[in-house]
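Below: one structure, written as structure tokens.
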Amino acid sequence: MADRFGISESSFKLYVKGILGESYLTYFRKKRMEKAAEFLESTNLKVIEVANSVGYENQGLNNGRTYEKSI
């Protein structure tokens with residue numbers, strides 16, 4: 001992404017953090033978790049289906065840790 005703007009990756013990360021108030025990885029993780037929560041509240045999908053729908057294809061232990069970080 002930084003290449004598209006013609007800046008270094010570190011400059012891009014600082015720029016995005018200045019706009020969002022957090023790293024882009026943290027921002028997108030929160031957005032995925034918010035969307036997953038919406039799906040869990042409003043559908044009858046299984047947890048694994050919700051995880052897949054928000055971009056978590058690998059259902060290993062790491063995803064539980066991602067959830068724990070977000071709450």
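The values are calculated or read from the model by the stated rules, or taken from the named source; none is laboratory data. Computed from a predicted model, the values in this text were never measured in an experiment. With ideal geometry, Cβ positions are generated from the backbone for all residues, glycine too; neighbour counts draw on all protein chains shown.
Considered as a group, the residues in segment 1-28 that are under 21 Å from GLY55 (Cβ atoms) and outside any helix (DSSP H, G or I) include one that is modelled with the lowest pLDDT, and that residue is MET1.
Listed conditions (1) over 14 Å from the mean Cα position of the chain (by Cα); (2) in a loop (DSSP other than H, G, I, E, B); (3) modelled with pLDDT under 90 are all met by ILE48, apart from (2).
When ALA2 is tested against (1) surrounded by 12 or more Cβ atoms within 10 Å (Cβ to Cβ); (2) aliphatic (A, V, I, L, M); (3) within 15 Å of the chain's Cα centre (by Cα), exactly one condition is not met: (3). Of the residues contained in segment 53-60, one or more are found to be modelled with pLDDT of 90 or more, outside any loop (DSSP other than H, G, I, E, B) and surrounded by 14 or more Cβ atoms within 10 Å (Cβ to Cβ).
Residues that are in contact with a helix residue (DSSP H, G or I) (Cβ under 7 Å, 6 or more places away or on another chain) and polar (S, T, N, Q) within segment 12-42 comprise just one, SER23.
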